[in-house]
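Take a look at the structure set out below.
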Amino acid sequence: MKVYFIGTGMDGGRTLTAEAREAIDSSELLIGAERMLTPFADTDKRKVCAYLPQDICDILSREECGAAAVLLSGDTGFFSGAAKLRQALAGYDTETICGISSAVYLCAKTGLSCENMKHISLHGREGNIAVNVRMNEKCFFLLGGNVTAADVCRRLCEYGMPDVQIHIGERLGYADEKITFGKAAELCGVDTDRLCCLAAVNGGHLRHVPSCIGDESFIRGDIPMTKSVVRGNIVSGLDIEKDSVCWDIGCGTGSVSVETAFRCPDGRVYSFDKKEEAVKLTRENALRFGCDNIFTYESELPDLPEGIPAPDKVFIGGGSGSIKAIFEIIRERNESADICVSAVSVETLGTAAAAFEEYGGHQTITQLAVTETRRAGGHTMFRAQNPVFIIRGKLI
């Protein structure tokens with residue numbers, strides 16, 4: 001049996017490619033979600049409503065025909081179920097036929113370019129909105145799940161980006177297609193169809209990944225803060241990936257959390273501190289810098305809140321008395337996680353080094369002694385910061 005995976009474009013009609021039409025015409029059986037099958041309701045072909053890979057496998061195993069077409073919305077290579085279907089139907093003679101994606105279609109209708117556009121699916125899944133808009137000139141959001149276009153606009157306003165230009169596409173390709181344009185602040189109450197997507201254009205986006213952010217840029221309180229140069233060394237040394245899950249233990253003002261968040265726009269940062277003021281400051285700085293991938297918890301580890309995923313990267317900036325217990329949690333969750341501990345006292349240095357030794361992990365220790373200059377009258381004077389020890393390693 002020949003099985004086609006066909007991207008049907010926006011509506012399965014006007015936006016269906018000629019190649020896709022030819023493959024559908026040659027197929028005796030059509031399989032897809034109800035919306036995918038509707039344009040072919042008047043044909044004499046057998047039609048079965050299904051979209052889960054296992055269900056489609058079961059259907060094909062019972063059918064006897066020369067060719068079948070699995071109909072998929074948009075394009076087979078754009079947040080599509082085609083990849084899982086190919087795995088599930090590995091024993092079949094399959095062919096994939098691409099279609100027009102909602103991103104390409106919306107860009108054509110609005111005059112935007114798809115080049116350098118960040119694509120994010122919020123269709124039935126969670127995703128980072130503000131931090132990606134902050135770091136990219138153009139972002140495309142595939143909606144249709146629990147997150148609406150209005151939710152996206154409200155999130156951008158909450159995180160300090162009310163002037164971002166928004167293009168909303170509803171029921172693209174259909175007769176009642178609708179495209180709405182405006183600023184995020186103007187569209188916080190917009191009511192849209194479930195079949196919807198959104199493009200955000202931020203002319204003031206970051207053109208670099210922030211590192212060693214000036215201490216004066218953060219909202220400060222009476223909570224100690226990891227200083228700029230030390231912070232840059234800590235975060236860069238963790239080799240954070242775009243989708244890393246990071247823990248910031250003893251987050252203080254949240255300065256490390258913020259710089260970490262910019263390095264994992266597709267990941268998450270979980271920030272913990274036992275002090276209410278520290279959690280509040282971290283939350284305020286996350287809002288100031290547009291980092292909606294930071295999640296704060298008033299918690300003193302090793303008492304880990306429920307639902308926190310295993311870490312890829314861990315920074316311990318507080319809680320020297322419980323470092324051993326924290327290491328135990330990290331080993332239970334992900335023993336290959338990268339760990340960095342900062343120490344400003346000999347006691348914390350000793351505790352961290354001993355913990356690495358006890359768990360058999362490799363470690364490196366670096367001392368940073370930072371000296372800055374300040375003007376005093378007609379002279380430039382030196383001002384030294386307290387030395388900081390950076391202990392890095394893994395538990396295996």
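Read-outs: derived from the displayed coordinates by stated rules, not from any lab. For clarity, every value in this text was computed on a predicted model and none was experimentally measured. We place every Cβ from the backbone using ideal geometry, glycine too, and count neighbours over all the protein chains shown.
Using the scaling law 2.2 N^0.38 Å as the reference, what is the normalised Cα Rg of the stretch 2-100?
In units of the globular-protein estimate, the stretch 2-100 measures up at 0.94.
Among I396, Q385, S113, which residue has its Cα positioned farthest towards the positive end of the charge dipole of the chain, with +1 placed on the Cβ of Lys and Arg, -1 on the Cβ of Asp and Glu, and the dipole taken about the Cα centre?
Q385
By how many degrees, 0 to 90 and rounded to 10, does the Cα axis of helix 149-158 deviate from the longest principal axis of the chain?
10 degrees
I need two numbers for the stretch 215-393: Rg to one decimal and Dmax as a whole number, Cα atoms only, in Å.
Over the stretch 215-393's Cα set, Rg and Dmax evaluate to 16.2, 57 Å.
Going down the table (K84/K394; K47/K84; K227/K280; K183/K242), which pairs top 30 Å between alpha carbons?
K84/K394
Starting from the stretch 304-350, pick out the GluC sites (Glu not before Pro) whose DSSP state is loop and whose Cβ has at most 15 other Cβ atoms within 10 Å. Walk me through the numbers before you get to the answer.
On the way: sites: E306, E328, E332, E335, E347; in loops: E306, E335.
Answer by residue number: E306, E335.
Quick one: Cα centre-to-centre distance for the stretch 309-376 and the stretch 117-148, in angstrom?
34 Å
Cα extents of the chain along the three principal axes, largest first, in whole Å?
That works out to 85, 49, 32 Å along the principal axes.
Cα centroid distance between the stretch 1-67 and the stretch 221-250, in Å?
Here the answer is 50 Å between Cα centres.
Placing unit charges on C-beta atoms (Lys and Arg positive, Asp and Glu negative, everything else neutral), compute the dipole magnitude of the chain about its Cα centre in debye, rounded to 20.
1060 debye
Could you order the peptides 152-160, 41-49, 248-256 from most to least packed, using the average number of other C-beta atoms within 10 Å per residue?
Values: 152-160: 20.8, 41-49: 12.0, 248-256: 28.4.
By packing density, highest mean first, the sequence is 248-256, 152-160, 41-49.
Set Lys and Arg Cβ to +1 and Asp and Glu Cβ to -1, take the dipole of the stretch 103-201 about its Cα centre, and tell me which of L156, C139, I179 lies farthest positive.
Value: C139.
Kirkwood Rh, the stretch 56-96, all Cα pairs: how many Å?
After inverting the pairwise mean of 1/r, the radius is 11.2 Å.
Show me 61-72, 163-174, 100-111, 360-371 ranked by packing, highest mean number of other Cβ atoms within 10 Å first. Mind dumping the intermediate values first?
Numbers: 61-72: 17.2, 163-174: 20.6, 100-111: 18.8, 360-371: 12.5.
Per-residue mean Cβ counts within 10 Å order the peptides as 163-174, 100-111, 61-72, 360-371.
Translational D (Stokes-Einstein, µm²/s) of the stretch 40-143 at 10 °C and 1.306 mPa s when Rh comes from the Kirkwood sum over C-alpha pairs?
98 µm²/s
Once the Cα atoms of the stretch 103-201 are picked out, what are the Rg and Dmax in Å?
According to the Cα coordinates of the stretch 103-201, Rg and Dmax are 12.0, 36 Å.
With a 10 Å radius around each residue's Cβ, average the other Cβ atoms per peptide and rank 189-195, 389-395, highest first.
389-395, 189-195
Let me have the 222 nm mean residue ellipticity of the chain computed from DSSP H runs of 4+ only, each contributing -39500 (n - 2.57), with the sum over all residues rounded to the nearest 500.
-8000 deg cm²/dmol
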